[in-house]
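Okay, so here's the structure we're looking at.
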Amino acid sequence: MKTLVLFIGLIAANFAMAQDLEDRDESFIVENNKNLLKIDIKEPFLQVAVKGCNDFRAASFEGGAAAYKEILRKYMYTYLNSDFYTLTGDFTFTLTIDAMGKVVDVTGEPKVLNSEVFFDDMQYVVRRIKKDWKPAKCNDQPVKSEMKLKMSFSSLSADM
């Protein structure tokens, strides 16, 4: 008998404390927006030759352009904060590679509305890649060079 009274008491308390769906506070519902990003990195990469050089050899990456492309794509999906901007169209990035084989600067074009945040993120992404390039050579001397990467982006924004 005590068990029956306890069981009925628990059920009654449950109904008394239950919150009706119409009474809930709507301020705690959060809408999430998610941007889905598609990245297409074009090959071959374009190397800008050094003026006045008779025997120019372009900078290279261990494993070739395909290896760099895969690492870059993976890092872009990991580190680009695409929730703050929507990317659509073609962009060209210029990597400045010093005589030691380190990427020292990354610039992007074209400049569009709010593109500076995206270009800053791309600098961060490229600097996260720890493997160095084999520097360009002019007359068997390592020289600073520029590598141009062309990429196409398309974004799809979805409400979650």
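Results, tabulated for the structure shown:
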quantity	calculated
Stretch gain in nm, segment residue 10-residue 156, where the contour uses 0.36 nm per residue and the Cα spacing is subtracted	47.6 nm
Cβ charges +1 (Lys, Arg) and -1 (Asp, Glu), total dipole of the range 33-159, debye	320 debye
Residue 70-residue 49 FRET efficiency (beta carbon distance; Förster radius 30 Å; 0.05 resolution)	0.70
Cβ-based exposure ranking for 36, 80, 46, in which fewest neighbours within 10 Å come first	36, 46, 80
Where labels lie 7 Å past Cα in the beta-carbon direction, separation of residue 141 and residue 120 in nm	3.8 nm
Difference of contour (0.36 nm per residue) and Cα-Cα distance, residue 112 to residue 99	1.5 nm
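Here, each number is a calculation from the coordinates, and none is a lab measurement. These figures come from a predicted structure and were not determined experimentally. All Cβ positions, even for glycine, are placed from backbone atoms using ideal geometry, and neighbour counts span all protein chains on display.
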